[in-house]
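**Q** Below is one structure. I have some questions about it.
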Amino acid sequence: MENAFSPEDLARRRSRSKRLAWLIGGAVLLLYIAGFFLKR
Amino acid sequence: MSTAIAHPGNPHDEHYPGGLMRWLTTTNHKDIGTMYLTFALMMFFVGGLMILAVRAELFQPGLQLMKPEFFNQLIGVHALVMIFAALMPAATGFANWMIPLMIGAPDMALPRLNNWGFWLLPPAAILLTMPFTLALFGIGDGAIATGWTFYAPLSVQGGMGVDFAILAVHILGISSIMGSINIIVTIFNMRAPGMTMMKLPLFAWGWLITAFLLIATLPVLAGAVTMLLTDRHFGTHFFNAAGGGDPILFQHLFWFFGHPEVYILLLPVWGLMPHVLSTFSRKPTYGYTAQVYSFIAIGVLSVVVWAHHIFTSGMPIPALVYFMFSTMSISIPLAVLFFCWIATMWRGAMTFETPMLFAIGFIVLFGIAGLTGLVLADVAADAQYHHSYFVVAHFHYALFAGGIMGVITGVYYWLPKWTGHMYSEKLGKLHFWLTVIAFNLTFIPQFFLGLAGMPRRIPDYALQFAEFNAISTIGAFILGFSQLIFAYNIWCCVRGGTKVEARVWEGAEGLEWELSSPPPHHSWEIPPVIR
Ligand code: HEM
Ligand SMILES: [Cu+2]
């Protein structure tokens, strides 16, 4: 890649990271909440 | 060239506060890594002091020093401190320091999240240990006394120490989840051009699997202890048999987290080993691909074997058989790793600097953990060994000889890179031999005690166990005090010493050795060229 780690490239990498981070965070929260509906 | 990519060698191209504010507000992966490691070392000694008090009580039969209630509190908080406040933060410190250097990234992907993840730890550690202090002033009846496993119904009935521990575990869990998210997105998005996943250093691979395991299992632990909290204070009956709940459900939920947790503690170390072994054998790592697939296999298997911890709690026979064989099957990918470690050293030009000594000590002693694990995985045999000192010995071969000695390996291996100075080899070797001898002196007797029927988590015991317990206590004190050599060696190395080059060890390969020692404040502002 030509301009790796240029400010634009870094900004792109960071925003991609943020999106994935929120996605994982959401999955974690879902898993946590799902537990309370556990029936036996 | 614009100022944004000026550098390397100009650590002051940005303004940041000095003193305490620097550490409170830092978003630099190396500063944060240093804080994690320092915190872990401090908590290692806190947890160590607790267990030395326990061993002192067990030196002789009879009650000498403390009440049984206090004894139970020390054992439980020792484990929680060692697992959540020493081993896990140490591994996260390694990740922060090394993953950006190794994958050619300028920093972690989400630096502010990184700062936050660390600063949740000290309050959590204070919450965990505060009930001890409060009890001194007559408030409450001390810390959590259920052991680290929180089993209901004891934890439903316990004093306010349980509430403190529940809150602390929530905070520690949030911190770990934030750290894991950061590591995953960093590895996925911040690699230098050309650093493909199958070129990723094994240390980063080990951590990647660890991070996924944390994300899959910590919410379950958090859920379980939240349910415990509502049982205690808000009238629910998840785990209360009298109200139609099921205490065994808690055990399943806990171990669904608890078993993967032991691999969480070890995968970063397994990732580190091939680097050290290859460096000091002056040979490339043997079986890179096999090791990556073994990590993945172990990660997957680790979430489907949890009930081997509760064979004796009662379950249908097909379930017993399933959990026995699935547990045993983990030893297959584990054996692949052992094979690769040995093959990496095979016919190499080996030298035995301190990190290499600890790595070899790790392989031998951790092997004993695996072998005794197989013994415990046998349903028929476990009926006798469960809740005995045999289990305690087994998991200390895993968590001290595997986890802690692995972390020590990493510290000696990377300390010169971090500080720019060489540590004292003489003290390092002394530390190694004292640690290995004292460790075995402490824990070999515990295998025999367990086989002879001594239960774990009791402050007093029958007379026939006296000799082995005395030996174990002597070993534990030597083991504890020899760690002071480690701390002293680190201290001196941070303060000064012989300067080292970028490639600290002649056989070392990898991007991290191409940056100066210590590396510049911003790691890879210009991406490295990857062959
Ligand atoms: C082939 C490998 C292994 C097998 C088959 C195995 C099997 C077992 C079994 C069956 C138990 C339950 C014993 C009982 O309570 O009756 C156990 C306990 C334990 N194992 Fe392992 N194990 C293995 C490796 C490990 C590793 C690598 C670690 C840690 C990094 C580890 C950490 C623990 C811990 C912490 C406990 C006790 C937890 C407690 O009750 O407080 N084991 N192991
Ligand atoms: Cu297990």
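**Q** Pairs needed: first member in the stretch B:317-328, within 14 Å of another protein chain (Cβ to nearest Cβ); second member anywhere, within 11 Å of ligand 1 (Cβ to nearest atom) and hydrophobic (A, V, I, L, M, F, W, C); C-beta distance under 8 Å; at least 6 residues apart or different chains.
**A** Listed pairs, sorted by first residue: none to list.
**Q** I'm trying to understand the selection: among the residues of the stretch B:98-115, which are assigned to a helix (DSSP H, G or I) and within 14 Å of residue B:521 (Cβ to Cβ)?
**A** Within the stretch B:98-115, B:100, B:101, B:111 meet the criteria.
**Q** Specify which of the listed residues (B:485, B:458, B:471) is away from chain A (no Cβ under 14 Å) and within 24 Å of residue B:367 (Cα to Cα).
**A** Of B:485, B:458, B:471, the one residue that is away from chain A (no Cβ under 14 Å) and within 24 Å of residue B:367 (Cα to Cα) is B:471.
**Q** So which residues in the stretch B:305-324 are more than 13 Å from ligand 1 (Cβ to nearest atom) and surrounded by 15 or more Cβ atoms within 10 Å (Cβ to Cβ), if there are any at all?
**A** B:315, B:322
**Q** Filter the stretch B:218-252 for residues that are among the charged types (D, E, K, R) and in contact (Cβ under 8 Å) with a residue 60 or more places away in the chain; which is farthest from the other protein chains (Cβ to nearest Cβ)?
**A** To start, the set of residues in the stretch B:218-252 that are among the charged types (D, E, K, R) comprises B:231-232, B:246.
Next cut, in contact (Cβ under 8 Å) with a residue 60 or more places away in the chain only: B:231-232.
Numbers: B:231: 12, B:232: 15 Å.
Per the criteria, the residue is B:232.
**Q** Let me ask something else about it. Looking at B:501, B:512, B:525, which is the one that is part of a helix (DSSP H, G or I) and closer than 30 Å to residue B:191 by Cα?
**A** None of the other options fit; the residue is B:512.
**Q** Read through the list (1) part of a helix (DSSP H, G or I); (2) of a type in the set (Ser, Thr, Tyr); (3) farther than 20 Å from residue B:37 by Cβ; (4) under 18 Å from the mean Cα position of the chain (by Cα), then give the number of the only condition that residue B:180 fails.
**A** (3)
**Q** Which condition breaks for residue B:315 when tested against (1) at pLDDT below 95; (2) within 12 Å of ligand 2 (Cβ to nearest atom); (3) hydrophobic (A, V, I, L, M, F, W, C)?
**A** The failed condition is (2).
**Q** A further question on this structure: Output the residue which, of all residues in the stretch B:260-299 that are among the aliphatic types (A, V, I, L, M) and free of Cβ contacts under 8 Å to residues at least 60 places away in the same chain, is farthest from residue B:203 (Cα to Cα).
**A** Among those that are among the aliphatic types (A, V, I, L, M) and free of Cβ contacts under 8 Å to residues at least 60 places away in the same chain, it is B:297.
**Q** Still on this structure: Given the criterion of a type in the set (Ser, Thr, Tyr) and within 14 Å of chain A (Cβ to nearest Cβ), identify the matching residue among B:92, B:34, B:27.
**A** Sole residue among the options that is of a type in the set (Ser, Thr, Tyr) and within 14 Å of chain A (Cβ to nearest Cβ): B:27.
**Q** Mind checking which residues of the stretch B:406-439 are surrounded by 23 or more Cβ atoms within 10 Å (Cβ to Cβ) and over 18 Å from residue B:279 (Cβ atoms)?
**A** Listed by number, the residues that qualify are B:431, B:435, B:439.
**Q** Does residue B:332 satisfy the criteria of being in contact (Cβ under 8 Å) with a residue 60 or more places away in the chain and in a helix (DSSP H, G or I)?
**A** So residue B:332 fails the test.
**Q** Enumerate the helices (runs of 4 or more DSSP H) found wholly within the stretch B:348-454, keeping only those where 1 or more residues are away from ligand 2 (no atom under 16 Å from the Cβ) and under 21 Å from residue B:282 (Cα atoms).
**A** By residue number, B:354-377, B:405-419, B:425-451.
**Q** Please count how many residues of the stretch B:290-304 are surrounded by fewer than 17 Cβ atoms within 10 Å (Cβ to Cβ) and either assigned to a helix (DSSP H, G or I) or at positive phi (or both).
**A** 4
**Q** What are the residues in the stretch B:328-385 that are away from ligand 1 (no atom under 14 Å from the Cβ) and among the aliphatic types (A, V, I, L, M), if any?
**A** If the condition is that a residue be away from ligand 1 (no atom under 14 Å from the Cβ) and among the aliphatic types (A, V, I, L, M), then B:342, B:343, B:345, B:349, B:350, B:356, B:357, B:359, B:360, B:364 are the ones that fit.
**Q** Turning to a different aspect of this structure: So if I check each of B:277, B:267, which one is away from ligand 1 (no atom under 16 Å from the Cβ), in contact with a Phe, Trp or Tyr (Cβ under 9 Å, 6 or more places away or on another chain), at negative phi and at pLDDT 95 or above?
**A** B:277
**Q** Something else now. Need pairs with beta-carbon distance below 7 Å; first residue surrounded by 11 or more Cβ atoms within 10 Å (Cβ to Cβ) and within the stretch B:491-510, second of a type in the set (Asp, Glu); sequence gap 6+ or separate chains.
**A** B:502/B:514
**Q** Return the total of residues in the stretch B:193-217 being crowded, with 22+ Cβ neighbours inside 10 Å and facing chain A (nearest Cβ under 7 Å).
**A** Selection size over the stretch B:193-217: 0.
The values are calculated or read from the model by the stated rules, or taken from the named source; none is laboratory data. Not measured: the values here are computed from a predicted model. Virtual Cβ from ideal backbone geometry, glycine too; neighbours counted across all protein chains shown.
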